[in-house]
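Remarks on the structure that follows.
Nothing in this text is a laboratory measurement; each read-out follows from the coordinates by a stated rule. Just so we're clear, the structure is a prediction, and the values are computed from it rather than from any experiment. Quick reminder, even Gly has a Cβ in these numbers, built from the backbone with ideal geometry, and neighbours come from all protein chains shown.
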Number of protein chains: 2
Amino acid sequence: MQIRSDIGRRLRADDARVVSDVLRRGIDRGEHTGSLHERNLCAEFGASRNTIRDALAILAAEGLIDRAPRVGTHVVRRKAEHGLDALRGLKETLRDHGEVRNEVRVATLLRPPAAVARRLRLDAGADAVYIERIRLLDDEPVSLDLTYLVPDLGIPLLTHDIENTDVFTLLEEISGQRLHSARQSVEAANADPHSAANLDVPPGSALLLLERLTSLGPEARPVDLEYIRLRSDRISLHATALRDTTAPRETL
Amino acid sequence: MQIRSDIGRRLRADDARVVSDVLRRGIDRGEHTGSLHERNLCAEFGASRNTIRDALAILAAEGLIDRAPRVGTHVVRRKAEHGLDALRGLKETLRDHGEVRNEVRVATLLRPPAAVARRLRLDAGADAVYIERIRLLDDEPVSLDLTYLVPDLGIPLLTHDIENTDVFTLLEEISGQRLHSARQSVEAANADPHSAANLDVPPGSALLLLERLTSLGPEARPVDLEYIRLRSDRISLHATALRDTTAPRETL
């Protein structure tokens, strides 16, 4: 049985896109490392040499592979995986990938935007602690994090070693409570020129934007609101979905 | 107490980025609809008019707001939210946002790439059903979905109304079983020119890439592997993280 619709009108660009999608994830999953050989890929995908070349051009533009005459095609590196199911700081998450260090650009007390104050349930006119960090994995930027903290935890936090410690770890240490959960939203956006310079990517590069409202203790008090720009050539996000979800739903 | 580091070196671009991040999420959450007034935003963010204008320019470039002389600044529309915690088809998810329709570009039986066959646990040399769809919400493209299905379910599925029905719904109908769960990965990438044309966005636009391996029945048999490109100006993804996760972890 062979049902085909529109397959006659199919363009090489369509096939290259399919190959690039499957290959991108194969690289992410560590199934392809080191050199990639066009002939092997033609066999694996049942595709023409030109289709494979177009697919490799897509992945090269994303910074996932290097291509050069004579040297051939190489996987630059495997992306680090960041889970959206379990609440972990970047340093905890990337423990096996290398050394995480934070370049702290701002750490201050300020009047937050009204929307931030509402979500952190701050009193009218209350200040919040604001921290802006570039996070580096083995000295290369991975993310640009904007963090708003409730003042009772954020002010003591500023006296700790925020260059080398996850905010999550410090929040638990200072409060003596466990973090509870976080509500996260994920979007994609093109890097504005200034963010691109900070993250050392070309302007316009597709970045992941992660907003995360984290709550603390058995009452799930919201304490930490973050806006994170992630380099999508270095990090991928992961989540498990259940058909019949029984996961608790916070009303943060 | 006022701790500041590098605040003197701070650029307007930094402040504009902060405003754009908070405002983007405010628009997503429906806190800003209709007209945006620069003067109100200056007050809300404690920012200068020029900073607000730079922030609005970022959001205009992302297609979230329209700006025109005399007419002013308007929110184009609110993004639809797609949950990563509960396994739902697009039509189920967007029920309250409008009418979902699928433009089926390919629906065929083919030899899948080796990596796809492995993940669907297909026998060596077995075919899979491949479906390529542009998914439209109120006649505007939202996503481009590549779907590989195991043949025992995929072949009967091809005889159903895949223009107007979620694949998830059909898989449950045909198998007589409930879907179990899915493992999902999220990345961002710039739209290649051909994907951009299909999704009606400018080439290079940041898209969300969602890979989803869905399993069926109490044995959690993998049956459906999808590679989905989502327009990030129309959809945002959402997930809850728990500090001490007890969610079941499939080994798909």
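Under the combined filter of DSSP loop state and at most 13 neighbouring Cβ atoms within 10 Å, region A:154-225 retains these GluC sites (Glu not before Pro): A:163, A:219. Taking every DSSP beta bridge that has both ends in the protein assembly as shown, the antiparallel portion is near 90%.
Build a GNM of chain A with springs between Cα atoms under 10 Å apart, and of A:205, A:20, A:143 the one that fluctuates most is A:20. Placing pseudo-labels 7 Å out from each Cα toward the beta carbon at residue A:68 and residue A:50 gives an inter-label distance of 2.9 nm. The Cα trace of chain B gives Rg and Dmax of 21.7, 69 Å, the first to one decimal, the second as a whole number.
Dividing the Cα convex hull volume of region A:11-75 by residue count, how many Å³ per residue is that? Measuring per residue, one finds 75 Å³ for the Cα hull of region A:11-75. Taking Cα atoms only, the orientation of helix B:49-61 departs from the longest principal axis of chain B by about 20 degrees.
Distances between equivalent label points of residue A:98 across the copies, with each point positioned 7 Å along Cα→Cβ, amount to 4.2 nm, shortest listed first.
Give the residues of region B:134-174 whose amide nitrogen is closer than 17 Å to a point set 7 Å from the Cα of residue B:77 in the direction of its Cβ. Residues B:134-144 qualify, since their backbone N sits under 17 Å from the label point. Across identical copies of the chain, residue B:126 has label-point separations of 5.7 nm, listed in ascending order, with the point defined 7 angstrom from Cα along Cα→Cβ.
May I ask you to list the lysines whose Cα is less than 30 Å away from that of residue B:79, ignoring any residue fewer than eight positions away on the same chain? The qualifying lysines are A:79, B:91. Using a 7 Å projection from Cα along Cα-to-Cβ, the label point at residue A:83 is separated from the same position in the remaining copies by 2.1 nm, smallest value first. Sorted ascending by nearby beta carbons within 10 Å, beginning with the fewest, A:76, B:71, B:167 become B:71, A:76, B:167. Annotation: amide H-H contacts under 5 Å for residue A:109 (H modelled 1.01 Å from N, sequence separation of 5 or more, or interchain): A:130, B:3.
Against the longest principal axis of chain A, how steep is helix A:12-28, in degrees 0 to 90 to the nearest 10, with axes from Cα atoms? Tilt relative to chain A: about 50 degrees. Computed over chain A, the per-residue total of -39500 (n - 2.57) for DSSP H runs of n ≥ 4 gives a 222 nm mean residue ellipticity of -8000 deg cm²/dmol, rounded to 500.
Here the protein assembly as shown is treated as a sphere whose radius is the Kirkwood value from Cα pairs; by Stokes-Einstein at 25 °C and 0.890 mPa s it diffuses with a coefficient of 103 µm²/s.
For the pair residue A:200 and residue A:118 in one chain, pulling the backbone fully straight at 0.36 nm per residue adds 26.2 nm over the alpha carbon distance. Summary of the geometry: region B:59-119 and region B:205-242, compared by the centres of their Cα atoms, lie 11 Å apart. Put simply, the amide H of residue B:221, placed in the peptide plane, has neighbours under 5 Å in B:216, leaving out anything fewer than 5 places away on its chain.
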